[in-house]
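Below is one structure, written out as structure tokens; the observations come after it.
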Amino acid sequence: MKTQFEQMMDGLNDVEAFLAGKQEGFKAHVPQEVDVKAIRNRLGMTQAKFSGVFGFSLDAIKHWEGGRRTPEAPARTLLTVIDKNPAAVLTALNPAAFAAAVGSSKPTTVHVRVNRKRQPSASVTRRKAYAAAVGKRITK
């Protein structure tokens, strides 16, 4: 396993090779840990508002902040961008609403609507599995 210094030097060597035209592209660094609560608090948002504005499920926010789960790499990437430049994310998700909010002189709330398919509850799924195994038909 490489030391942190060796990892940094590898990254700098990659940048030099890219700038010199010896290497195409680069590999983005995705942090291993992201402090979701700190990001949310810096933005002055509740868990519900943060989840609604940026498209995360409220349960995911609660689990991440409670330490029961860790965000996957794509979520950590988005959270990092939200931390560094929330306006860029809001612009990408809903450019018209963000432009209207920035263009007006009074503060405006930007709402981002996320369509989520509703999942059946576990008890309904278990009942259906049992009914299929027994050969009965259920109405709900």
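None of the figures in this text is laboratory data; all of them are computed from the coordinates on show. Just so it is clear, the model here is predicted, and its values are computed rather than measured. Note: ideal-geometry Cβ built from the backbone for every residue, glycine included; neighbour counts use all protein chains shown.
List of remarks:
- Length gained on full extension, residue 38 to residue 72: 10.5 nm, using 0.36 nm per residue less the C-alpha separation.
- All-pairs alpha carbon distance profile, segment 1-82, 10 Å steps from 0, percent: 16, 37, 22, 21, 4
- Protection-proxy order for peptides 12-24, 49-61, each taking the mean of Cβ atoms within 10 Å per residue, highest first: 49-61, 12-24
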